[in-house]
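Supplied in structure tokens, the structure appears directly below.
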Amino acid sequence: MRSSSGEQPAQPLPAALRVAYQPLHGAQTEIPTGVLAAIRFGSELGEAGAGTDTLTIDVGLDPLHGPSDAPAWAELWFATGPVRTGRWSDSAASVPAHVRYAHDEHYLFAVIELDEREHGGILLTAEHAYAAIRRFQQQSRFAHLLRMWNYMDAINEGAGDMERYRQFCVGRGRGLGEVSQSYPSATAIGRQRPDHILQVFWLAGIAPGRSLENPRQVSAYHYPRIHGPVSPTFARALVAPDDTLLISGTASIVGHVSQHHDDAMAQLEETVRNLGSFAPHVSRSRTAESRDLLKVYVRDPALTPHLVERLGQLYPDSDIIFVAADICRRELLLEIEAVVGT
Ligand code: 3EB
């Protein structure tokens, strides 16, 4: 709508996030242009294709099932305009660390991949990664963290507070330092084939999102001491500037306690109830053709057919991919994240 002279121009609409899963059939599959980031699941993916402006992130998790039959998948985050890519070196780092990124006018996608053997174990690697992320974000126009993923090896190895996930949380907390009260949504997942790499990638924006908590769950940053010395720093979900709902990795946890040990289907139903808490926040401006995306991390691949069947019934209009992964508490058998209203 045109405003008559003298009036304040209307606020520009926040650029819309669009995310989709694309099947990959080996090295010949092209990533379309206009993609900010392509997160690739599967092995033997080949070169990402020189000359594209897409940030390619290979996560080392194997797909178990997808919307169609394909050996590998990419999660594509589409750009809202021309894309610029770059590489930033952390000059303050004691061990060399760099961030690869791509951005348009509204959003930035970035990744840091550190080798634990160079940084002295998971705690220090997480601390170095998050210190670099903090410094990168401080000098970035895309000041607001919206969504973060953390992928690491052997997430459940080690007993008690020495469990690698808990050590990761300590390092993350130290590296990030005192951050604002508002956290991004996040996922933290274990790779099932060791490659010594802590991989953290994230979406940041020019404009802030709105963090949400789940009334069925204690906020992760308020978890009691029994879950580790430093609480995880993430929000249960975040409403992005365009009203897309970015739901964190969600598991069978009520309050702060894991439910239904050893019963994957009961864990699934509990997880679905947790996801249901966010229904009131689903944008009403969603278009008919928008597809919600679900990603299901599955500890035991043998469970997949049962999960596929049940989730297909529950979310017939969503695109769902299932990947083999370990979950951050050893009793948890699955975890689900979602992008809703894209
Ligand atoms: C949970 O609810 C399950 O440490 O960043 C989910 C999402 C989980 C993110 C993180 C951990 C993280 O506590 C685990």
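The values are calculated or read from the model by the stated rules, or taken from the named source; none is laboratory data. Because the structure is predicted, anything quoted here is derived from the model rather than measured. For neighbour counting, all protein chains shown are included, and Cβ atoms are generated from backbone atoms with ideal geometry for every residue, glycine included. Accessible surface areas use protein heavy atoms only, side chains included; no ligands, DNA or RNA. Shrake-Rupley method; radii C 1.70, N 1.55, O 1.52, S 1.80 Å.
Return the total of residues in segment 175-208 being within 12 Å of the ligand (Cβ to nearest atom) and either under 15 Å from V111 (Cβ atoms) or part of a strand (DSSP E or B) (or both). Explain how you work it out, then say what you get.
Quick first cut of segment 175-208, residues within 12 Å of the ligand (Cβ to nearest atom) only: 176, 183-190, 200, 202.
Those left that are additionally either under 15 Å from V111 (Cβ atoms) or part of a strand (DSSP E or B) (or both): 184-190, 200, 202.
The number of residues fulfilling the criteria is 9.
Return the pairs, sorted by first residue and then second, in which the second residue is away from the ligand (no atom under 15 Å from the Cβ) and open to solvent by 50 Å² or more (accessible area, probe 1.4 Å), the first residue lies in segment 254-277 and is closer than 24 Å to P224 by Cβ, the beta carbons are less than 9 Å apart, and the residues are 6+ apart or on different chains.
Hits for this filter: H260/E269.
Output the residue which, of all residues in segment 265-311 that are assigned to a helix (DSSP H, G or I) and at pLDDT below 95, is farthest from the chain's Cα centre (by Cα).
From segment 265-311, those assigned to a helix (DSSP H, G or I) are 265-276, 279-281, 301-311; that's our starting set.
Narrowing the set further to residues that are at pLDDT below 95 leaves 279-281.
On the way: A279: 20, P280: 22, H281: 19 Å.
So the residue we want is P280.
Here is a yes/no grid of residues against (1) more than 16 Å from the ligand (Cβ to nearest atom); (2) touching a residue at least 24 places away in the same chain (Cβ under 8 Å):
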position: R87; (1), (2): yes, no
position: Y107; (1), (2): yes, yes
position: A110; (1), (2): yes, yes
position: A126; (1), (2): no, yes
position: L145; (1), (2): no, yes
position: Y151; (1), (2): no, yes
position: A159; (1), (2): yes, no
position: G173; (1), (2): no, yes
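Just the residues that are in contact with a Cys (Cβ under 6 Å, 6 or more places away or on another chain) and either under 30 Å from P14 (Cα atoms) or away from the ligand (no atom under 12 Å from the Cβ) (or both), please, taken from segment 215-267.
If the condition is that a residue be in contact with a Cys (Cβ under 6 Å, 6 or more places away or on another chain) and either under 30 Å from P14 (Cα atoms) or away from the ligand (no atom under 12 Å from the Cβ) (or both), then P232 is the only one that fits.
Only one residue in P241, P232, P280 is in contact (Cβ under 8 Å) with a residue 12 or more places away in the chain and either among the aliphatic types (A, V, I, L, M) or more than 27 Å from G158 (Cβ to Cβ) (or both), so which one is that? Please lay out each step first, then the result.
Details: P232 fails: either among the aliphatic types (A, V, I, L, M) or more than 27 Å from G158 (Cβ to Cβ) (or both); P280 fails: in contact (Cβ under 8 Å) with a residue 12 or more places away in the chain.
Being in contact (Cβ under 8 Å) with a residue 12 or more places away in the chain and either among the aliphatic types (A, V, I, L, M) or more than 27 Å from G158 (Cβ to Cβ) (or both) holds for just one of P241, P232, P280, which is P241.
When segment 32-63 is examined, which residues are found to be more than 24 Å from R84 (Cβ to Cβ) and modelled with pLDDT of 95 or more?
Those that are more than 24 Å from R84 (Cβ to Cβ) and modelled with pLDDT of 95 or more: F41, L61, D62, P63.
Continuing with this model, one more query. Restricting to segment 184-221, and then to whatever is of a type in the set (F, W, Y) and open to solvent by less than 40 Å² (accessible area, probe 1.4 Å), can you tell me which residue is farthest from G42 (Cα to Cα)?
Within segment 184-221, the first condition is being of a type in the set (F, W, Y), and the residues that meet it are 201-202, 221.
Checking the rest, the ones that are also open to solvent by less than 40 Å² (accessible area, probe 1.4 Å) come to 201-202.
Values: F201: 17, W202: 20 Å.
Within segment 184-221, the match that is farthest from G42 (Cα to Cα) is W202.
Just one of I155, I122 is touching a helix residue (DSSP H, G or I) at 6+ places or on another chain (Cβ under 7 Å), crowded, with 16+ Cβ neighbours inside 10 Å and under 30 Å from D319 (Cα atoms); which is it? Steps first, please.
Values: I122 fails: under 30 Å from D319 (Cα atoms).
Unique residue meeting the criteria: I155.
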